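Please read the structure below before turning to the comments.
The values are calculated or read from the model by the stated rules, or taken from the named source; none is laboratory data. Fair warning: this is a prediction, and the values are worked out from it, not measured in the lab. All Cβ positions, glycine included, derive from the backbone under ideal geometry; neighbour counts span all protein chains shown. Protein only, heavy atoms only, side chains kept; ligands, DNA and RNA dropped before computing areas. Shrake-Rupley method; radii C 1.70, N 1.55, O 1.52, S 1.80 Å.
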Amino acid sequence: MHVQLEGAHARHPAARPEAPDALRGVGLQVDAGEAVALIGPSGAGKTSLLHALGLALPLTQGRLRMNGVEPWALNAAGLRAQRRELLIAPQTPPLPPRQRVVTAVLAGRLPRWGLLKSLASLFYPREAPLAHAALAPLGLADKLWDRVDRLSGGERQRVGLARVLASDTRLWLVDEPLSALDPTRARDALQVLLAAARERGVTLVASLHHVDLALQAFPRVVGLRDGAVQFDLPAAEVTPERLAALYAQHEHELQGPPPVADAPPPGPAPVPMTCR
Amino acid sequence: MHVQLEGAHARHPAARPEAPDALRGVGLQVDAGEAVALIGPSGAGKTSLLHALGLALPLTQGRLRMNGVEPWALNAAGLRAQRRELLIAPQTPPLPPRQRVVTAVLAGRLPRWGLLKSLASLFYPREAPLAHAALAPLGLADKLWDRVDRLSGGERQRVGLARVLASDTRLWLVDEPLSALDPTRARDALQVLLAAARERGVTLVASLHHVDLALQAFPRVVGLRDGAVQFDLPAAEVTPERLAALYAQHEHELQGPPPVADAPPPGPAPVPMTCR
Amino acid sequence: MRHPQLGGAGLRRRRRPGPGHGQQHEDVQRRRSGHHAARLHGPGGPGRPREPLVAGGLGVKPSVKPVLPPPLFNARCKACWFTLAVLALVVASFWSLDLQWAGLFSAEGARAMGRFVAEFWPPDTHAAFLAKLGPAMWETLAMSAVGTALAAAAGLALALPAAAQGGARAVARTGLNALRAVPELVWAALLLIAAGLGPMAGTLALAVHTSGVLGRLFAEALENAPTGPADALRAQGATRVQVFLYATLPTVLPQLLSYTLYRWENNIRAAAVLGVVGAGGLGQLLAFHLGLFHMGKTASILVAMLILVALVDGLSDRLRRWMAR
Amino acid sequence: QTGGVFRITAIPDESPTELARKAAPLVAYLEKQLGMKVEFTPVTDYAAAVETLVNRKVDLAWFGGFTFVQAHVRSGGKVIPIVQREEDEKFRSLFITADPAVKALADLKGKDLSFGSQSSTSGHLMPRHFLIQQGMEPEKTFRRVAYSGAHDATIAAVASGKVAGGALNISVWQKFVDEKKVDPAQVRVIFTTPTYYDYNWTVHADLPKATRDKLTAALLALKADTPEGAEILKLQRATRFVPSKVENYQGIENAARSAGLL
Amino acid sequence: MTSLVQTHPALRDPAWRGRLSWALLALLLAWPLWRATELNPAVLLDPHALSVTGRFLSDFLPPRTDADFLAQVARDTWRTVAMATAGLTLGWLLAVPLALLSVRALSQSSLRGRMGRGPSLVRQGARWVAIVLRSVPELVWALVFVRVVGLGPTAGVLAIALTYGGMLGKVYADILESGDATPARVLLQQGSGRLQAFAYALLPGNAAELSSYTVYRWECAIRSSVVLGFVGAGGLGQAMDSSMKMFNGGEVATMLLVFMALVALADRVSRWLREALA
Ligand SMILES: Nc1ncnc2c1ncn2[C@@H]1O[C@H](COP(=O)(O)OP(=O)(O)OP(=O)(O)O)[C@@H](O)[C@H]1O
Ligand SMILES: Nc1ncnc2c1ncn2[C@@H]1O[C@H](COP(=O)(O)OP(=O)(O)OP(=O)(O)O)[C@@H](O)[C@H]1O
Ligand SMILES: [Mg+2]
Ligand SMILES: [Mg+2]
């Protein structure tokens, strides 16, 4: 799915009046089948951008087009049809307590199911093999019948990813899919996700805090800061300087709070961004 | 606080009967004022170990001693007094919705407060300066009066850390404190945490998925896998081979699942664990 | 509410570079918060510079006082007015009723009450009476269980539109209000005419009124539920019913179940109302024997009710524990 | 104990509003005669009326024969009937029906029957007593036995066809017929019981003798030839009040015991 | 795919058999219950029944609106509201401690895995007190109190207070237990007190639900004021009861309208409260 955002402003309905917009003039264009990583400091607006792309946060200004149509201009039915084509995987997967893994994963297929089938599936999971197929590459095949609230943090997160894999959509908006995973599983999960997207021709936008993985695995990286795009480059052109500028602390964060008394000596020089 | 665990077994009360114990014979000794990083694959039992140390998960076998006493042998009052000396910061901070940041942070001080003071503080936060002082080094000073459910993922996580900083305890058990933070803020937050622990002489045990940060910032690293300690070494002695063994996939994760209809192809060779 | 010093312009203005500026603003802020602190905590209160236990303990010099929240009254104004209104209503109620507490706390009063309660002992356990009690219990159980089950289904069907946005909401809410504004007794009288004497009229009376009650409680539980899981599915284009089945229902199920079971309990007791429609059950027995001062028999009936209620209470506790595991 | 106020209540054999309307002129009259404030509180529960008099939370109560017996037993004989209506010495109950197929009591077998309140003398105890005398144990004879709660409610229930038969007291029936609230062609009387002693005004034995005497005298002095007396007696549906005594109610006590109601 | 389900035991739902047998058991139990209630919808559609019902309903029109009656209704309404408010206030004072004592999520000892013996006894005790308070009918409580305080609103208010104390206590506890218990657990693990954990972890998440239930109970208290008539306290319930017995449709209709207005008002307040708390 081709997605285009022009001069997009957005704010959370519950934001305080004096708070700045979460997105302040974002322009972004993602081609069908492309994979883009979204990086940026905490509070930069990554989640908000994904929500704007996912039709979960309306724009206050600017324009969003999907395959050429403006979804927000559609009627309710059209908007819903459009939503069926995409999937947002939130930062912490909001899984209802007591649900079983199989149900949580299959929920990704709901838009394709009729009412009867969704009802029946609550009693006896239909398409359980599909859920199994989505969990297996993430190393969770043996948790298929467990309850989600009895999983470890990383297991829960992978259940969220399995829902993405099980779904049948054209645009995946994945929010920090690796935050609770150990390095090996993070790497593997990312590979699974990218490979699946490539194979099915799905457009993938993922926000990441693992800068190294992002630069390595994604062809294109977008740096977001203060609700605006700071750079949008092929991974190879993202220099350490750009990264430093992207993640630099706000002045008030640095100065506002007084100099930390005996803060650990300015840190053994900022941890270089390589592993081990 | 000096903590000592010997041959500890523990299981979650709700675990299925056939599931193995979450901890299977863990031995660990942490001196007062020491800082230890806990690493290991997802589902290894890091969270369970922290809960066992934090008196939140009783041992089924083995022995736990804190400053020489066995807390589980104490009566209810003694146990509660012991609990007041420690603090667990969960993986995703369980902040009740609708609470304000200041209240969530000050909740770390509840054990020191009388009932009246805690009730009064709900209406007008007492010790707000303290909450502010805890938030400032984490770069969240300006969110003091916001509601927790209107924060970004990384901001919520830092609120959880601020609660640790605001508390007045002798043992901090921090579960993946950096998972939702960007690299810069992760590094800074870790340093704030370590510095505060060092300065106050607090014992710190933190589980981490950021292996590089763990090796760099902590003097001692414990590798956990399948509910048992695989290594317990000074950071300098943790070799890449050890890490590879620690994070290696289980066989059943790789082979177990039945061949599945349209599973994505195995994906291109796993990304090596170096960056860029 | 506005926090002049925080979150908004104040901070952003301070971001301007230059050491001179930074210094200056820090001073401004210290003065401002000092002012606040003095007003809110009084001199020497928490707003004063403190020894390093707090801030110093963090490795932070207390050079900057945090900005304090807006004045108490402003911040909680809505709550204040509401609390005041409730208090006024309560005071007015007690005042206008002219209640007689005097006798209640005297020893004589306690003795009089005690004598009455003592009359309930011993409960009547004659076989003949127990043989009457058993079927009555069964009838009560049947009427209340079936009535509640019907009501739970109808209540849920009405609660869905009542908790949703849009035009159906107002209609559904009005319907629910009407269903429960009409007391069970009136429903009983109406259904008595339509269905004749007997348990059917009783069951339906319970069902109709209870569906209004459960509909309202369900609707509010649905509205109060955390929306995260539902939002995720909705953003994905799932239909309303699907969102309900896969996200909202599992979240609120314990709440819905506990309301339903609680209402069942209530209906066991409400069966007293149903004696009037000749529906029988424990309610009619109780009214009969209590009216005739058959204290022993009344006690047995009360025990029977207590057993039924405790059973349902235990069931609800069990279910919750099972679900929470 | 009642604080300078003379309190009255009555069993709710009619609706509380009706009771209050009936009581209003009597209250005014007694206030004048006793020289103290008189208060009438209607209740909707027979047992509550009995309990308050037994515990002397009211001074005077309008009781049915059976309620009086209950109060007498519960207080250990500490309540005294002072007066009753002349009609109450020869009171009767009726069985009515609106079902054309029912001609006599026996035709009600296997159908629904409604009594008034379970504590009512004329609406429950005596009709039940006479039914049992005729070998018709209600719980066994009828399909279902309902308790409408009051005599007027019984008439309404029968008239609307909810129940095949109803038992109620003759004076309420007379009132309904007189006021044309019921159509005697549609709702017919199928059985009238023999006479028995019913309603009375009862006081607690601890009421000062002087007050009791004044009260008795005042009630007995009501005559239909003064406008005030006429109004009160008409509302009470009485020709005049006559003295009453405990022994009058022995029959009812026996009936209650044999019906298993006491 | 179906064949996969059959061939791979790993893909067969392990909970299925349990679900099936529970469902069958439930059906087995439900059938005799259903029979006992003699439910037969056909009876309702019988033309004779319909015409009688229609006549009964047409009695309700027009509602009685003469000034005398309206004034009486207004007086009764205030009396009812006052008694409901007073009763509910007293009941609330009783319910809060009962609820706090019986919430498992606030139990220190359950952090050990299961609740200790003593605390478990206290909890059971509190629950039994609540059960007894609410299963003894209001009329019995009213009769207990009428012996001491005489006829009038006091006995009725006390009866409401006791029953509602039991009901509120139970439902409050249920609400607090149905929500997410983790925040409270974390606070307890850290050594906070019970009340502190309640105020800082359970209350913020459940305040809306608790207050909306309380408002609903107030509304119930208004409707259930029939019981107050037993002891001569008057009010709308008593008036409605007697109009109903007299088949006085117009009066009943007027009072029903008042009830509906009160219920709608309560609904409004509850919505406003929830919005303010959300
Ligand atoms: N509440 C629970 N009930 C039952 N089993 C549980 C529960 N929580 C965790 N487990 C199981 O216990 C094992 C250890 O889990 P734990 O949460 O300690 O892992 P972890 O090392 O913290 O993993 P992660 O890095 O994913 O957070 C896992 O197999 C998990 O499925
Ligand atoms: N529901 C909300 N209501 C109001 N403000 C919000 C809400 N969610 C986020 N914000 C604010 O919007 C801004 C952008 O938040 P967003 O969640 O998009 O950041 P992010 O880049 O995803 O950060 P993180 O890496 O910490 O998840 C932040 O300042 C945050 O405080
Ligand atoms: Mg985010
Ligand atoms: Mg974990």
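Using the Karplus curve 6.51 cos²θ - 1.76 cosθ + 1.60 with θ = phi - 60°, work out ³J(HN,Hα) for each residue of the range B:100-116 in order, rounded to whole Hz, and write x for Gly and Pro.
These are the phi-based 3J(HN,Hα) values: 8, 3, 4, 5, 4, 5, 5, 4, x, 9, 3, x, 8, 9, x, 4, 4 Hz.
Set the Förster distance to 45 Å, then compute FRET efficiency between residue C:119 and residue D:107 from the Cβ-Cβ distance, nearest 0.05.
Details: r = 42 Å, r/R0 = 0.92.
Step by step, r from the Cβ atoms, then E = 0.60.
Got a number for the accessible area of residue E:55? Probe 1.4 Å, square angstrom, nearest 10.
Surface accessible to solvent at residue E:55 totals approximately 150 Å².
Measuring from centroid to centroid over Cα atoms, what is the spacing of the range D:164-209 and the range E:143-169 in Å?
When both Cα centres are located, 33 Å separates them.
Return the single residue from D:105, D:53, D:19 with maximal mean-square fluctuation; model: Gaussian network over chain D, springs between Cα atoms under 10 Å.
With Cα springs under 10 Å in chain D, the top fluctuation among D:105, D:53, D:19 is at D:105.
If you fit an axis through the alpha-carbon atoms of helix D:16-34 and take the longest principal axis of the Cα set of chain D, what angle between them do you get, 0 to 90°, nearest 10?
Approximately 30 degrees, to the nearest ten.
Report, to one decimal in Å, the Kirkwood hydrodynamic radius for the range C:195-260 based on all distinct Cα pairs. Before the final figure, lay out each step's value.
Numbers: mean 1/r = 0.0736 Å⁻¹.
Over the range C:195-260, the inverse of the mean reciprocal pair distance is 13.6 Å.
For the range D:162-193, which trypsin sites (Lys or Arg not before Pro) are both in a DSSP coil and crowded by at most 15 other Cβ atoms within 10 Å?
On the way: sites: D:162, D:175, D:180, D:181, D:188; in loops: D:162, D:180, D:181.
Taking the range D:162-193 and a limit of 15 other Cβ atoms within 10 Å, the loop trypsin sites (Lys or Arg not before Pro) found are D:180, D:181.
Taking a ≥ b ≥ c as the square roots of the Cα gyration tensor eigenvalues, with a/c under 1.5 meaning rounded and otherwise prolate when a/b beats b/c, else oblate, which class fits chain E? Please report the intermediate quantities before stating the final value.
On the way: a/c = 2.17, a/b = 1.33, b/c = 1.64.
Since a/c reaches 1.5 but b/c is at least a/b, the shape of chain E is classed as oblate.
Grab the beta carbon distance between residue A:232 and residue A:115, set R0 = 41 Å, and tell me the FRET efficiency rounded to 0.05. Mind dumping the intermediate values first?
Working: r = 42 Å, r/R0 = 1.03.
That pair, residue A:232 with residue A:115, gives E of 0.45.
Could you provide, to the nearest whole Å², the per residue accessible area of the range B:97-164 with probe 1.4 Å? Spell out each step's value before the answer.
Numbers: 1840 Å² over 68 residues.
Per-residue value: 27 Å².
Quick one: 3J(HN,Hα) in Hz for the range D:194-206, Karplus 6.51/-1.76/1.60 with θ = phi - 60°, rounded, Gly and Pro as x.
x, 7, 7, 7, 10, 2, 7, 9, 10, 10, 7, 4, 7
Let me test this: with uniform point scatterers at the alpha carbons of the protein assembly as shown, what is the Debye-based log₁₀ I(q)/I(0) at q = 0.09 1/Å?
Summing over Cα pairs of the protein assembly as shown leads to -1.17.
Modelled label-to-label distance, residue D:211 and residue A:124, 7 Å Cα→beta-carbon offset: nm?
That separation, rounded to one decimal, is 7.9 nm.
In whole percent, and with a 1.4 Å probe on the protein chains, what portion of the accessible area of the protein assembly as shown is carbon and sulfur?
On the protein assembly as shown, the fraction of accessible area on carbon and sulfur atoms equals 61 percent.
Using alpha-carbon positions, what is the distance between the centroids of the range C:126-189 and the range B:11-57, in Å?
Taking the Cα centre of each part, the range C:126-189 and the range B:11-57 sit 49 Å apart.
When the helix-only estimate is applied to the protein assembly as shown (DSSP H runs of n ≥ 4, each -39,500 (n - 2.57), divided by the residue count), what is the mean residue ellipticity at 222 nm, nearest 500 deg cm²/dmol?
Here the helix-only value at 222 nm equals -16000 deg cm²/dmol.
Hand me the trypsin sites (Lys or Arg not before Pro) from the range D:52-88 located in a DSSP loop with no more than 14 other Cβ atoms within 10 Å, in residue order please.
When the trypsin sites (Lys or Arg not before Pro) of the range D:52-88 are filtered for loop state and at most 14 Cβ neighbours within 10 Å, D:78 remain.
Which of D:79, D:177, D:69 ends up with the largest GNM mean-square fluctuation for chain D, with Cα atoms connected below 10 Å?
D:177
Given H placed 1.01 Å from N in the peptide plane, which residues other than close sequence neighbours of residue B:231 have an amide H under 5 Å from its amide H?
B:223
Report, for residue B:31, each distance to the same residue's label point in the other copies, shortest first and in nm; define the point 7 Å along Cα→Cβ.
6.0
Hey, in the GNM for chain B with a 10 angstrom Cα cutoff, which one of B:61, B:249, B:99 fluctuates hardest?
Maximum among the listed residues: B:249.
What are the radius of gyration and Dmax of the range A:97-164, computed over its Cα atoms and given in Å?
Cα-based Rg and Dmax for the range A:97-164 come out at 11.2, 33 Å.
Collect residues whose amide H, placed 1.01 Å from N in the peptide plane, falls under 5 Å from the amide H of residue E:231; neighbours closer than 5 in sequence don't count.
Counting only residues 5 or more places away or on other chains, the set is D:44.
Please state the shape class of the range E:14-58: rounded when a/c is under 1.5, otherwise prolate if a/b exceeds b/c and oblate if not, all from the C-alpha gyration tensor. Don't jump to the answer; show the numbers that get you there.
Values: a/c = 5.48, a/b = 3.73, b/c = 1.47.
Note, shape of the range E:14-58 comes out prolate.
I need the phi-derived Karplus couplings for the range E:50-55: 6.51 cos²θ - 1.76 cosθ + 1.60, θ = phi - 60°, integer Hz, Gly and Pro marked x.
4, 5, 5, 4, x, 5
Just tell me how shielded B:118-128 is by partners: mean number of partner chain Cβ atoms within 10 Å of each residue's Cβ, no decimals.
Working: counts 8, 4, 0, 3, 5, 4, 8, 3, 3, 3, 10.
Mean shielding count: 5.
Along the Cα→Cβ direction, 7 angstrom out, place labels at residue E:58 and residue E:257. What is the inter-label distance in nm?
Modelled inter-label distance: 2.1 nm.
For the pair residue C:310 and residue C:106, what calculated FRET efficiency results from E = 1/(1 + (r/R0)^6), where r is the Cβ-Cβ distance and R0 = 25 Å, to the nearest 0.05? Write out the running numbers ahead of the final one.
Details: r = 33 Å, r/R0 = 1.34.
Once the sixth-power term is evaluated, E becomes 0.15.
Of D:22/D:175; D:180/D:223; D:209/D:234, which ones are farther than 22 Å apart at the Cα? Walk me through the numbers before you get to the answer.
Numbers: D:22/D:175 13 Å; D:180/D:223 27 Å; D:209/D:234 29 Å.
With Cα atoms farther than 22 Å apart: D:180/D:223; D:209/D:234.
For the range B:198-217 and the range A:202-223, what is the centre-to-centre distance using only Cα atoms, to the nearest Å?
About 27 Å separates the Cα centre of the range B:198-217 from the one of the range A:202-223.
Which order do C:220, D:247, C:108, A:6 take by accessible area at a 1.4 Å probe, largest first? Could the numbers behind the result be given before it?
Details: C:220 0, D:247 120, C:108 100, A:6 75 Å².
Output order, biggest surface exposure first: D:247, C:108, A:6, C:220.
Between residue A:248 and residue A:73, with labels modelled 7 Å along Cα→Cβ, what's the label distance in nm to one decimal, could you check?
Rounded to a tenth, the inter-label distance reads 4.0 nm.
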